[in-house]
Each structure stands twice: as structure tokens, then as C-alpha cells.
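Written below as C-alpha cells is the structure these notes are about.
The values are calculated or read from the model by the stated rules, or taken from the named source; none is laboratory data. Keep in mind it's a predicted model, so treat the numbers as computed, not measured. Cβ placement follows ideal geometry from the backbone for every residue including glycine, while neighbour counts extend to all protein chains displayed.
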Amino acid sequence: MDATIATFLIQDGLTNGAVYALLGLALVLVFSVTRVIFIPQGEFVAYGALTLALLDGGRVPATASLLICFGLLAFLVDLWTMRRGTSTAAILWSVLFNLALPAAIYAVTLGIAPLALPSLVKALLTVAIIAPMGFYVYRIAYRPLADASVLVLLIASVGVHLAMMGLGLVFFGAEGLRARPLSAGSFAVGPLLVSAQSLWIYGATIAIIVGLYLFFEKTLLGKALRATAVNRLGARLVGVPTQFTGVTAFLLAATIGAVSGVLIGPITTIYYDTGFLIGLKGFVAAIIGGLASFPVTAIAAIGVGMVESFTSFFASSFKEIIVFGLIIPVLIWLSLGAGLHEEE
Amino acid sequence: MTADLKHTLPGAIAIVVLALVPLLPVPPFWITLLNNIGLASLVAIGLVLLTGVGGMTSFGQAAFCGFGAYTTAVLTTAYGFSPWATLPLSLIAGAATALPLGLITVRLSGHFLPLGTIAWGLALYYLFGQVELVGRYDGISGIPPLELAGHRFLSGQSIYYVIWFFVIATAIGARNLLDSRVGRGIRALRGGGQVAEAFGVDIVRAKLTVFILAGIVAALSGWLYAHMQRSVNPTPFGLNMGIEYLLMAVVGGAGHVWGAIFGAGVVLILKDLLQRFLPDLIGSSINFEMIVFGALLVTILQFARDGLWPLVLKFAAKRPTRQPAAAGSLPRRTMPAVGTPLLRIDMARKAFGGLVAVNDVSFEIKAGQIAGLIGPNGAGKSTTFNLITGMLSLTSGSVFYGGEKLSGMSPRRIAKHGIARTFQHAKILPTMSVLENVTLGAHLRGSAGVFKSFLHLERQEEATLLAEAARQLERVGLGANMHRPAGDLALGQIRILEIARALCLDPTILLLDEPAAGLRHAEKQELSALLRKLKEEGVSVLLVEHDMGFVMGLVDHLVVLDFGTLIAEGKPAEVRQHPAVIAAYLGEVAA
């Protein structure tokens with residue numbers, strides 16, 4: 001290995017690591033606010049990347065129709081919970097969020113997809129299609145389970161993952177797709193060749209991390225989310241609507257997933273099930289962060305990207321084994337520090 | 001028809017039907033399907049023990065199947081082992097892979113184990129696909145069939161009996177285990193483990209036991225699979241299969257061993273139907289079972305969290321309750337001589353961050369004494385209890401029992417000394433019967449392990465433990481409620497249940513945290529009488545109580561705490577006059 005390869009591997013690891021960092025942060029966010037271990041996070045990445053790739057081809061992405069299905073299902077779930085009396089306002093809100101919103105997004109997509117859109121517009125459209133799914137997934141799968149244990153929520157997560165991956169297969173097919181980069185071209189920085197796409201990735205990652213920081217530190221809603229994370233009951237007692245913070249967490253997670261998809265779609269071919277593996281690498285980082293620490297998760301994610309990039313050079317066939325094996329020493333470390341008798 | 005017969009009849013009919021199916025002219029794919037259900041049932045039984053009973057879960061059980069299958073595949077094809085000789089080795093392979101993973105995750109909070117198993121399920125799938133020894137993604141073929149007395153189990157019909165023999169034997173074994181001393185310890189894990197620890201259950205070991213057991217039955221399933229299929233490749237041992245096994249356990253229902261077989265049946269029959277009919281129906285070859293299974297998993301958790309088997313059970317006859325036989329009695333501890341120093345708290349201190357909950361408190365309890373620990377709310381009484389029993393660690397100072405230092409020991413080892421407790425916020429296992437809850441208290445007085453329990457060879461000991469629990473229940477006046485679920489009792493009764501459970505430990509000292517709260521006047525008098533009776537037998541008592549009438553008439557020695565500090569100590573009559581005590585209870589002005 002010479003310096004050129006090394007710098008190439010480092011750059012590759014940094015690029016992937018940045019995406020894993022975004023996913024890891026979303027996982028920590030959802031877990032700390034809702035206690036849900038959000039296995040389906042990766043599906044949003046796949047949906048995002050595939051949607052962008054289809055938009056590149058001037059086609060209407062299947063996710064737009066999928067969004068309508070999600071909305072319809074959420075509407076039915078709403079009706080079911082309202083079966084014992086409700087108010088007109090509640091029904092109107094439900095119609096607005098679950099039926100009108102997806103229909104509007106669908107109409108816009110239908111209208112502008114065939115046009116030769118600038119990349120950034122396609123990227124934004126992709127995020128607009130995917131992000132509301134976070135809300136619907138929460139409404140359909142998790143809200144009825146809000147009182148359940150972490151274990152039950154985790155099993156439900158796996159169910160959601162399975163269903164969403166299956167839907168991905170139905171709507172996108174088994175073929176992989178690769179999106180066009182947000183901006184083509186690359187720059188030579190000394191001996192390094194830096195692609196414009198990787199600059200987008202670094203930029204977006206930093207922007208989202210800073211955005212999350214400001215959101216949690218400076219806004220009331222962000223503080224409410226943190227309060228829910230620290231103590232759900234306590235937050236509720238002082239008037240934080242914990243369902244609303246739950247929705248926000250899922251919406252943020254889906255948005256981050258869609259953005260990650262848009263970022264990673266142009267640098268690797270994405271299949272309907274690739275998202276799961278990408279999401280799990282975010283998980284490895286989140287576990288290293290103890291599912292609690294944002295900074296540790298972000299740093300760990302870069303580490304995961306590096307390990308992956310270097311093992312793909314030295315022992316490519318054992319890449320996945322080594323990356324997923326990474327959590328073993330972490331679990332040992334966490335286990336050594338774990339106390340047994342604390343009150344739960 | 002007797003209750004016993006009514007209860008066992010459906011099972012007997014099911015076994016007869018199972019035995020007859022291959023002899024009937026059924027389509028061959030029915031047999032294949034039933035074989036697959038049997039294989040999956042084994043894995044699902046393991047998961048029911050792990051998830052429904054132990055409160056842990058795993059998505060990686062398919063990987064254990066893989067270890068079982070590959071062990072026998074390699075040994076029989078490359079090294080000429082006979083299939084039966086590889087059975088124990090396959091099971092050991094399952095256990096040996098579960099052990100390290102269990103060791104590093106059971107100490108962590110519950111969600112790290114399943115997350116670990118996801119990563120591990122994936123990693124092992126790729127590993128199976130990369131290693132030359134196991135034939136990479138092509139796998140290994142040409143595995144010999146099972147043979148018994150010259151008969152080769154080549155056909156689906158013949159191995160059917162082998163598979164279902166193992167399924168039924170495993171299910172019965174698992175049932176035996178749950179009904180045993182070890183099983184009670186495992187079932188107590190769901191209650192958070194504190195009660196289990198306080199009565200001497202080694203919870204790390206109990207968790208490991210279930211996890212390894214689940215690994216072993218999965219390996220058994222893999223071993224059978226290898227000899228049924230006669231070839232193996234990585235696909236059936238991947239993460240998706242692991243998730244499917246968990247779905248089966250969820251469908252069957254948490255904590256129901258027979259439900260696991262039901263769940264495996266439902267899922268595999270559904271899968272078969274989806275794969276055969278759905279493509280024709282919608283004219284697409286894509287498999288929809290992922291979507292259906294995912295939706296099914298979420299729906300069951302939302303609407304029937306305990307699975308579908310309990311719904312089936314509604315139609316079945318109730319399991320008959322057996323009156324514990326008057327079996328032989330357990331050996332008793334020798335009580336320390338009355339008046340000798342028993343428990344000594346020496347400068348005990350507990351700080352939670354900046355808050356000092358117990359501030360350098362020292363006092364002593366003599367054998368055969370009833371001592372009271374009183375003080376206003378927040379005085380540090382329950383914290384003191386937790387320090388004595390090892391639930392909390394001391395910031396500084398120490399606790400001695402007899403001459404031995406207790407501080408630093410685990411609650412389990414402290415319990416072994418004969419220190420039994422009740423909890424301020426009663427901790428019971430609501431779905432277990434009152435009798436089983438109380439028998440948990442006698443955990444340390446039995447010794448039968450997993451193996452004996454699995455084969456139900458510990459009948460004698462188990463009967464003795466149950467009889468002891470029944471005796472203690474009669475003694476505290478709860479005998480009539482023995483077979484009700486503990487969750488049905490009123491709060492006062494639950495407190496009494498906790499006392500019976502503590503008595504089952506054969507304690508030298510009983511630590512009671514507000515035992516009279518929620519009791520009616522007559523019940524309090526009975527409790528008083530019981531405690532006096534215990535004192536006569538040489539048992540010492542330390543109690544926290546707010547009912548001064550109850551305390552003053554009962555105790556020999558009184559310790560008063562206020563804001564974590566000991567403010568007075570002595571005979572009840574003296575303490576009552578103590579100015580600091582009056583100030584603490586009534587405010588400074590009164591002093």
C-alpha cells in the first residue's frame with residue numbers, strides 16, 4: 001500500500017463514515033426520545049437513494065404512490081382509534097395530514113418529475129416524499145405501542161423493517177440503481193482527487209450536526225425532546241406532549257434517512273435491501289456510543305467507515321464480518337462497566 | 001372425567017394425530033411442511049424460554065442452527081463420523097457459541113443482546129459463506145442420513161418421527177424446567193431481577209442458562225435439518241430466518257412452550273400459502289411474505305401482545321392445581337444464641353451525587369430482637385435496608401453479620417447468610433401463582449440444576465420446597481389463596497405474601513419494609529402476633545414502619561433516622577421522650 005492508496009482509502013472511509021454518522025445520530029435521537037430502536041432507519045436510506053435515481057431518469061418514483069398508501073393506512077388507523085367518538089377538528093386534521101398531504105406531494109411529483117430538474121430540486125423533492133413516511137410509520141406501528149417495553153418496541157421495529165424492505169422490493173424491484181451526483185466533477189487538492197459529491201456529503205453532515213445542535217440547544221421543541229429523553233414521565237408532568245416529541249423524532253429520523261440516501265445514492269449502487277446494511281453500520285456506531293452519546297456516535301461512525309474502507313482493501317471478503325464484529329469488543333467494554341443492582 | 005385427564009387429553013390426541021399423519025395418504029408436501037414446522041418449533045421453543053420467560057430476545061437463533069448443521073456436515077462428510085456421534089458435538093457447538101455472546105451481553109440492559117445478535121447473525125452468515133472448510137456459499141452436500149438399527153431415515157416420512165420425537169421431548173423438558181426451582185429463577189428475571197437476587201438467584205447465571213439452552217435447541221434443529229436435507233448452505237441460517245423464528249415465538253405467545261409449536265405452524269403454513277397462491281393471484285413472482293410477516297409481527301404486538309396461543313388456551317381445560325404433598329421438611333438453620341450481636345452497621349454512608357441519603361449511621365441488632373427503624377419520609381430508612389441487603393453499595397462504612405463483613409457482597413451472597421427482606425414497593429411476579437412466588441423464597445434451600453430439572457428428576461426436592469412454601473403461606477394466613485395468580489391479591493395480602501416468601505429462606509433476620517401498610521387493624525394484630533412468634537423461635541426482625549402504635553407495642557429496640565442521620569436509639573419508651581425525635585416528627589417549635 002502506498003500513500004496514494006492510503007489517502008484514497010481514508011477519503012472513502014470518511015465519506016461513508018459521514019453517512020453512517022448521520023444515521024447513527026438519527027438512531028440515538030429516536031431511541032433516547034421514544035425508546036424505539038429504529039431498525040427501519042436503513043429503509044429510508046434505500047427509499048431516498050432509489051427515489052433520486054428514478055427522478056434522474058425522469059420517472060415518477062414509486063415512493064410517491066407508496067406515500068399515498070402509507071397515508072391511507074395512517075388515516076384508517078386514525079379512524080379506528082376514533083371509533084368511540086371524536087371531534088370534527090380531529091377528523092379534519094387527520095384528512096389533512098394523512099390524505100391531502102401525500103396527495104399534494106404526489107401531484108407535485110407527477111407534475112415535475114418528467115421535467116429536466118436541477119439536481120438540488122430533485123434532492124429536495126426526494127426528501128419531501130420520504131420524510132412524511134417517518135410520521136406515518138410512527139402513527140401506524142409505534143404509537144399504539146407507546147407503553148410497551150423496549151424489547152417489544154424492538155421486535156416491532158424488526159417487523160416494520162421487514163414490511164418496509166418487502167415494500168421496497170415490490171415498488172422498486174430487485175434491480176439496483178445508482179443516482180447521478182448532485183454536482184459532477186472533482187477537484188485536485190494536492191495529491192488528492194476530491195469528488196464534488198463527497199464535498200456535498202461532508203457539507204450536509206456538518207450542516208445537519210450543527211442544525212441538530214442548535215435545535216436541541218436553542219429551540220423550545222428541541223429542549224422538550226431532550227426533556228423527554230431524560231425522563232418521559234417528568235416531561236409529561238411539566239406539560240411536554242410526549243407524543244408530539246415522538247412524532248418529531250421520527251420525522252427527523254426519516255428526513256436524515258432520506259438525506260443520507262440522496263448523499264450515498266450517487267456513490268454506490270443501491271438495491272432495495274442495501275439500506276438495511278447501511279443502517280446497521282450506523283447502528284454499530286450508535287452502540288459504540290451506548291445509544292446515548294451523540295458525539296461518541298459521530299466519531300465512532302467515522303471509525304466504522306475507516307475500518308470498512310481499509311478492510312475492503314486488505315480482506316475484502318471479510319469486510320462485513322469485521323465491521324459487524326466491531327461491536328463485540330464494544331459490548332465487552334460496556335459490560336465491564338455495567339452495574340447489576342441499580343433500580344430500573 | 002378427572003381434571004387431570006381433561007387437561008392431558010387434547011395433548012394425547014394431538015400426539016396420536018401427529019403419529020398417524022405419515023401413515024395416511026396425505027400429499028408428500030404435507031410431510032415436508034410438518035417436518036419444517038417441527039424443526040422450526042425447536043428453535044421457537046428456545047426463543048419462548050428466552051423472550052417470553054427470561055425477558056431477553058435474539059434475532060440470531062438461525063446462526064446457532066447453522067453451527068449445529070455445519071458441525072455435523074463437516075464431521076460426517078470430511079471425517080467420516082457417524083451422524084449420531086455428531087449429535088452431542090453439534091449441541092456443544094451451539095452451546096459454545098452462545099456462551100461468549102451471552103457472557104458479554106447479559107450484564108447489559110436488555111436491548112444490547114438482541115442488537116448484538118443482529119450483528120452476529122449477519123457476520124456469521126457472511127462467515128459461513130467465506131470459509132473454505134464449510135464450502136463457502138455452495139455449502140456442503142452428501143451428508144449421510146440418520147441410521148437406527150439398520151434402518152436409514154431417507155424419506156420424509158421416516159425422519160418425521162425422529163424430528164417430532166425431539167420436538168415433543170424438548171417441549172416437555174422445557175415445561176419441566178419452567179416448573180422447577182431453576183425455572184422459577186428464570187421466570188423471575190422478567191420482574192427486573194431484584195427479587196430473584198434478593199432470594200439468592202444468580203441472575204447472570206440464570207440469563208446465561210436460558211440463552212445457552214436456546215442455543216442448544218437451535219443447534220439440535222440444525223443437526224436434524226442437515227440430516228433431513230442431506231446438504232447445507234448459508235441461506236437458511238441468515239438473519240431473515242432468525243427474524244422468522246422470532247415471529248413464530250411472538251405468534252405463539254410469550255411464555256407458552258406449546259405456543260411455540262403453534263406459532264411455528266401458523267407462520268410456516270402461512271408462508272407456504274403465500275408462496276403458492278399469491279403469485280397466481282396477483283400475477284407477480286415477487287415474494288410478499290416479508291410484507292405480510294412484518295405487518296403480522298407489528299399487528300400481533302399491538303393487539304395480542306401475549307400471542308395467539310392464550311386465545312387457543314381459552315378453549316382448553318385449565319391445568320389442574322395440585323395441593324403440595326406433605327413432603328419431608330427441609331433442614332433448618334441453627335439460630336444464633338439470643339442476645340449475641342447479630343447485625344452491626346458501622347458508619348454506613350450512602351451519597352447519591354451531592355445528596356447524602358445515609359450519613360455515617362451506626363447501630364446494632366442483637367439476635368432474638370425485634371428492632372424498629374423509624375423516621376420521617378426521606379429519612380433514609382429504605383436506603384439503609386438496601387445497604388444492608390447489598391442492593392446498593394456503600395459509599396463508605398461497613399455492615400457486619402456476626403463477625404463477617406457483608407458490605408461489598410452481592411445481594412445473593414448476603415441472602416445466603418439468612419438475611420431475608422420484603423420491599424417497600426412490593427415486588428411480586430403477578431402472573432405466577434401465590435405458591436410459586438413464595439417458593440422462590442426457598443430457592444437457596446434446593447440445589448437441583450438445569451439438567452435434573454429438564455428431566456424432572458428433582459421431584460422429591462421440588463415437592464419439599466413447595467410443601468415448605470405452602471406451610472409458610474398457611475402460617476401467614478394466605479393458605480386459601482395459594483393457587484391464585486399473585487397479581488389478583490390486594491395490596492395488604494401482597495405484603496403478607498412477601499413475608500411468607502422471606503420466611504421460606506429460613507432467615508435468621510427478617511428485614512421488613514413497611515409490612516403493615518395497607519393492612520386492616522385485625523390484620524395488623526395478626527402480623528404482630530406472627531412477629532412475636534418468630535421472635536420466640538429465635539428469628540430477629542428489623543422493620544421500617546410508620547404506624548407508631550404498631551411499632552411501639554412490638555419492638556424491643558428503636559432506631560430513629562432523620563435526614564439520613566441517626567438522632568436517637570434505645571427502648572421505645574425512652575425514644576418516645578427524646579427531644580430530637582419529637583422535634584423531627586412535630587417540628588422545632590414543639591421541642
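The rows are residues; the columns are (1) in contact (Cβ under 8 Å) with a residue 60 or more places away in the chain; (2) within 14 Å of chain B (Cβ to nearest Cβ); (3) not in a strand (DSSP E or B).
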| residue | (1), (2), (3) |
| --- | --- |
| A:Val170 | no, yes, yes |
| A:Ser183 | yes, no, yes |
| A:Leu199 | no, no, yes |
| A:Tyr202 | yes, no, yes |
| A:Ile206 | no, no, yes |
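Do you know which residues across region B:7-44 are small (Gly, Ala, Ser) and either within 31 Å of the chain's Cα centre (by Cα) or not in a helix (DSSP H, G or I) (or both)?
Quick first cut of region B:7-44, residues small (Gly, Ala, Ser) only: B:11-12, B:14, B:19, B:38, B:40-41, B:44.
Once the filter is applied, which keeps residues that are small (Gly, Ala, Ser) and either within 31 Å of the chain's Cα centre (by Cα) or not in a helix (DSSP H, G or I) (or both), region B:7-44 yields B:Gly11, B:Ala12, B:Ala14, B:Gly38, B:Ala40, B:Ser41, B:Ala44.
For region A:19-45: of the residues being more than 19 Å from B:Ala119 (Cβ to Cβ) and within 14 Å of chain B (Cβ to nearest Cβ), which is surrounded by the most Cβ atoms within 10 Å (Cβ to Cβ)?
Per the criteria, the residue is A:Thr34.
Which residues, taken from region A:149-168, are at the interface with chain B (Cβ under 7 Å from one of its Cβ atoms) and in contact with a Lys or Arg (Cβ under 7 Å, 6 or more places away or on another chain)?
A:Val150, A:Val152, listed by residue number.
Surrounded by 17 or more Cβ atoms within 10 Å (Cβ to Cβ) and of a type in the set (Gly, Ala, Ser), is that true of A:Gly111? Spell out how you get there, then give the answer.
Working: surrounded by 17 or more Cβ atoms within 10 Å (Cβ to Cβ): no; of a type in the set (Gly, Ala, Ser): yes.
Taking the combined requirement at face value, the residue does not satisfy it.
Scan region B:491-508 for residues that are in a helix (DSSP H, G or I), in contact (Cβ under 8 Å) with a residue 60 or more places away in the chain and of a type in the set (A, V, I, L, M, F, W, C) and jot them down.
Matches in region B:491-508: B:Leu491, B:Ile494, B:Leu497, B:Ile499, B:Ala500, B:Ala502, B:Leu503.
B:Ala415 passes all but one of (1) at pLDDT 90 or above; (2) surrounded by fewer than 19 Cβ atoms within 10 Å (Cβ to Cβ); which number fails?
Result: B:Ala415 passes all but (2).
Where residues in region A:286-308 are closer than 26 Å to A:Ala227 by Cβ and within 12 Å of chain B (Cβ to nearest Cβ), which of them is surrounded by the most Cβ atoms within 10 Å (Cβ to Cβ)?
A:Ala286
Among what's in region B:164-218 and is farther than 22 Å from B:Ala426 by Cα, among the basic types (Lys, Arg) and out of contact with any Phe, Trp or Tyr (no Cβ under 9 Å at 6 or more places or on another chain), pick the residue that is surrounded by the most Cβ atoms within 10 Å (Cβ to Cβ).
B:Lys207
Select from region B:494-515 the residues that are surrounded by fewer than 21 Cβ atoms within 10 Å (Cβ to Cβ) and within 17 Å of B:Glu526 (Cα to Cα) and list them in ascending order. Explain how you work it out, then say what you get.
Pass one, region B:494-515, residues surrounded by fewer than 21 Cβ atoms within 10 Å (Cβ to Cβ): B:506, B:514.
The answer is B:Glu514, and nothing else.
Being assigned to a helix (DSSP H, G or I) and more than 10 Å from every other protein chain (Cβ to nearest Cβ) is the filter here; which residues of region A:138-148 pass it?
The first filter runs over region A:138-148 and keeps only residues assigned to a helix (DSSP H, G or I), leaving A:138-145.
Listed by number, the residues that qualify are A:Tyr138, A:Arg139.
If you take the residues of region B:187-205 that are part of a loop (DSSP other than H, G, I, E, B) and within 11 Å of chain A (Cβ to nearest Cβ), which of them is farthest from B:Pro485 (Cα to Cα)?
B:Asp202
Residues B:Arg190, B:Arg205: which one is closer than 22 Å to B:Leu101 by Cβ and free of Cβ contacts under 8 Å to residues at least 12 places away in the same chain? Outline the logic, then answer.
On the way: B:Arg190 fails: free of Cβ contacts under 8 Å to residues at least 12 places away in the same chain.
The unique qualifying residue is B:Arg205.
Just to verify a result, which residue in region B:305-316, among those that are assigned to a loop (DSSP other than H, G, I, E, B) and touching a residue at least 24 places away in the same chain (Cβ under 8 Å), is surrounded by the most Cβ atoms within 10 Å (Cβ to Cβ)?
B:Gly307
For A:Arg236, state whether it is under 25 Å from A:Tyr142 (Cα atoms) and either buried (at least 18 other Cβ atoms within 10 Å of the Cβ) or of a type in the set (Gly, Ala, Ser) (or both).
The answer is no for A:Arg236.
Could you tell me which residue of region B:46-75 is farthest from the other protein chains (Cβ to nearest Cβ), considering only residues that are among the polar types (S, T, N, Q) and touching a Ser or Thr at 6+ places or on another chain (Cβ under 7 Å)?
Among those that are among the polar types (S, T, N, Q) and touching a Ser or Thr at 6+ places or on another chain (Cβ under 7 Å), it is B:Thr72.
Does any residue of region A:109-127 turn out to be in contact (Cβ under 8 Å) with a residue 12 or more places away in the chain and within 12 Å of chain B (Cβ to nearest Cβ)?
Scanning region A:109-127, I find no residue that is in contact (Cβ under 8 Å) with a residue 12 or more places away in the chain and within 12 Å of chain B (Cβ to nearest Cβ), so the answer is no.
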